[in-house]
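In what follows, a single structure is set out as structure tokens and then discussed.
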Amino acid sequence: MFSDIVSNTFAVLNKYGNIFIEGTFVTLQYSAVAVAGGVIFGLLLALMRRSKFKPLSFLAGAYIEFVRGTPILLQLYFFYFWVAEQIPMLGESKFWQIAVALICNSAAYVSEIFRAGIDAVDHGQMEAARCLGLSERQAMFKVVIPQAVKNILPALCNEFIMMIKETSLASTFFAHEIMTKYKIINGATYLVIEPLIIIAVIYFVLTFTLSKLVAVIERRMSTSD
């Protein structure tokens, strides 16, 4: 039985290896776009959350709590079936329907990472920058945020790792990432376990490699400090 699974796994990998590679590439595309967009939107949310203008701060806080308090699959359904109807340009591309939903999800988590990073910067840095003649906005973007980014870089890398795994939910919409490729191969071969083993190994290699990269970054940052 075990030998049959092993031989079938290698046979599936040999025949459908290019499909697995294609799915892995699409998974990485979704993850990279989601985290890159999430960093930009998340920074905006973090600054809104820290704003002295209460309605703006409340709006950002409500968005963050709602996104963090609802399942990502629900958010994917929402963007796929409702937002795409309201924004015709978005509805023309399945990739961007899924990607925008992932960006909005990632932004809620990244905003909290940014907020923690900004709060961790010594308040004296802001005061020193203001004494040098910088406005509060200039001090924030030229002094505080660069230091915060250095502190939160490992956490942002971990968010990328988490997003790689969360993209598997996009297979619900046949989004061509790696779990969608499993459905295709399962339908062609009627094999269940063997394609799953290959996909599990791919996910493990991706996340394990990135986690080790994060550890290296953390060590180098602690050494430079």
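Kindly indicate which of PHE173, PHE141, PHE160 is surrounded by fewer than 15 Cβ atoms within 10 Å (Cβ to Cβ) and among the hydrophobic types (A, V, I, L, M, F, W, C).
PHE141
One line per residue, one yes/no per condition, for (1) under 30 Å from LYS52 (Cβ atoms); (2) at pLDDT 85 or above:
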site: GLU127; (1), (2): yes, no
site: ARG137; (1), (2): yes, no
site: LYS150; (1), (2): yes, no
site: MET163; (1), (2): no, yes
site: LEU169; (1), (2): no, yes
site: GLY187; (1), (2): no, yes
site: VAL205; (1), (2): no, yes
site: MET221; (1), (2): no, no
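If THR167 passes every condition in (1) closer than 30 Å to SER7 by Cα; (2) free of Cβ contacts under 8 Å to residues at least 24 places away in the same chain but one, which one does it miss?
All conditions are met except number (2).
Out of curiosity, is ASN186 over 30 Å from PHE114 (Cα atoms) and not small (Gly, Ala, Ser)?
For ASN186, the condition - over 30 Å from PHE114 (Cα atoms) and not small (Gly, Ala, Ser) - is met.
If we scan the range 201-209, do we find a residue that is under 18 Å from the mean Cα position of the chain (by Cα) and under 20 Å from PHE78 (Cα atoms)?
no
Given the residues PHE20, PHE58, PHE79, which is the only one that is farther than 30 Å from PRO146 by Cα, without any contact (Cβ under 8 Å) to a residue 40 or more places away in the chain and of a type outside the set (Val, Ile, Thr)?
The conditions single out PHE79.
What pairs come out if I take residues in the range 87-108 that are over 23 Å from PHE160 (Cα atoms) and pair them with residues that are of a type in the set (D, E, K, R) and at pLDDT below 90 whose C-beta lies under 8 Å away, six or more apart or interchain?
Sorted first by the residue in the range 87-108, then by its partner, the pairs are GLY91/GLU85.
Tally time: how many residues in the range 11-38 are under 9 Å from the mean Cα position of the chain (by Cα) and among the β-branched types (Val, Ile, Thr)?
Of the residues in the range 11-38, 2 are under 9 Å from the mean Cα position of the chain (by Cα) and among the β-branched types (Val, Ile, Thr).
The values are calculated or read from the model by the stated rules, or taken from the named source; none is laboratory data. Source: prediction; values computed, not measured. Every residue, glycine as well, gets a Cβ built from its backbone with ideal geometry; the counts of neighbours run over all protein chains shown.
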